[in-house]
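Nothing in this text is a laboratory measurement; each read-out follows from the coordinates by a stated rule. The shown structure was predicted, so the numbers you read here are calculated from the model rather than taken from an experiment. Cβ: placed from backbone, ideal geometry, glycine included. Neighbour counts: every protein chain shown.
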């Protein structure tokens, strides 16, 4: 298998939605690539199609045309049960609003994907706890989401997305609900824990303060990718305030 087959490759991608009898074309013959071992940041104005694109890459939405090749697999050729198994095994997703289950503890929330994939609850819970320890939440395993700060909730969401060691991690605006310091810390965490050889990491963001963490920036506008910039990530500390 060619090395590029382990990336994400969208060609001539089209997607539209109908509302009130009017069809809106959200993606228009879009071309997009993300490679393993890199953090690709997807940027652009609200409504340009970023969330639609990563939902298609995650197998959560279908397409009207074009091809989506993810980790060597043409998603359009998979039956629904095959697509579900593929997502559970190889894709992690960090939602903008965290999507934690409020009645479960932090460790239990992280264990959910493993249980969904068929692992015994006790084994999944142990792995969930270990993942949280790696992300600096050792003291919070038994806490409910409402007992955690927004930054801590986002770390739990990241742990849940990484616990099954996915080959593709998709993050939809992971810093949108965080203050500047917490957002910076979350991106530092993604760079140090999530980015590794063989894993594709795609982050949707409006937050210009975190663009320096990207290996590649793909800018969207009006349903297409209008600019791609390959770059060297800027390693910067959180800017200190006035003394």
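If I filter region 3-18 for residues that are part of a loop (DSSP other than H, G, I, E, B), touching a residue at least 24 places away in the same chain (Cβ under 8 Å) and touching a helix residue (DSSP H, G or I) at 6+ places or on another chain (Cβ under 7 Å), do I get at least one hit?
no
Which numbered condition trips up residue 55, out of (1) part of a strand (DSSP E or B); (2) free of Cβ contacts under 8 Å to residues at least 40 places away in the same chain?
Failing condition for residue 55: (1).
Test each condition in (1) in a helix (DSSP H, G or I); (2) under 24 Å from residue 173 (Cβ atoms) for residue 97 and report the one that comes out false.
Unmet condition: (1).
Condition first: buried (at least 22 other Cβ atoms within 10 Å of the Cβ), in contact (Cβ under 8 Å) with a residue 12 or more places away in the chain and not in a strand (DSSP E or B). Can you find one or more residues in region 20-37 that meet it?
Taking every residue of region 20-37 in turn, none turns out to be buried (at least 22 other Cβ atoms within 10 Å of the Cβ), in contact (Cβ under 8 Å) with a residue 12 or more places away in the chain and not in a strand (DSSP E or B).
Can you pull out every residue in region 39-65 that is over 22 Å from residue 96 (Cβ atoms) and out of contact with any strand residue (DSSP E or B) (no Cβ under 7 Å at 6 or more places or on another chain)?
Result: no residue meets the conditions.
Whether any residue in region 66-80 is within 17 Å of residue 171 (Cβ to Cβ), out of contact with any strand residue (DSSP E or B) (no Cβ under 8 Å at 6 or more places or on another chain) and assigned to a helix (DSSP H, G or I) is what I want to check.
No, every residue in region 66-80 fails to be within 17 Å of residue 171 (Cβ to Cβ), out of contact with any strand residue (DSSP E or B) (no Cβ under 8 Å at 6 or more places or on another chain) and assigned to a helix (DSSP H, G or I).
Could you tell me which residue of region 113-128 is surrounded by the fewest Cβ atoms within 10 Å (Cβ to Cβ), considering only residues that are in a loop (DSSP other than H, G, I, E, B) and on the phi < 0 side of the Ramachandran plot?
First pass over region 113-128, keeping only residues in a loop (DSSP other than H, G, I, E, B): 117-120.
Checking which are on the phi < 0 side of the Ramachandran plot leaves us with 117, 119-120.
Working: 117: 13, 119: 16, 120: 10.
Applying the filter and picking the extreme gives 120.
For region 129-145, which positions are in a helix (DSSP H, G or I) and under 16 Å from residue 98 (Cα atoms)?
Scanning region 129-145 gives 132, 145.
List every residue pair whose Cβ atoms sit under 7 Å apart, with the two residues 6 or more apart in sequence or on different chains, where the first one lies in region 211-232 and is on the phi > 0 side of the Ramachandran plot and touching a residue at least 60 places away in the same chain (Cβ under 8 Å) and the second, anywhere, is surrounded by fewer than 18 Cβ atoms within 10 Å (Cβ to Cβ) and not in a loop (DSSP other than H, G, I, E, B).
Pairs found: 223/25; 223/28.
Quick one: in region 90-112, of everything that is more than 21 Å from residue 176 (Cα to Cα) and touching a strand residue (DSSP E or B) at 6+ places or on another chain (Cβ under 8 Å), which residue is surrounded by the most Cβ atoms within 10 Å (Cβ to Cβ)?
Residue satisfying both the conditions and the ranking: 91.
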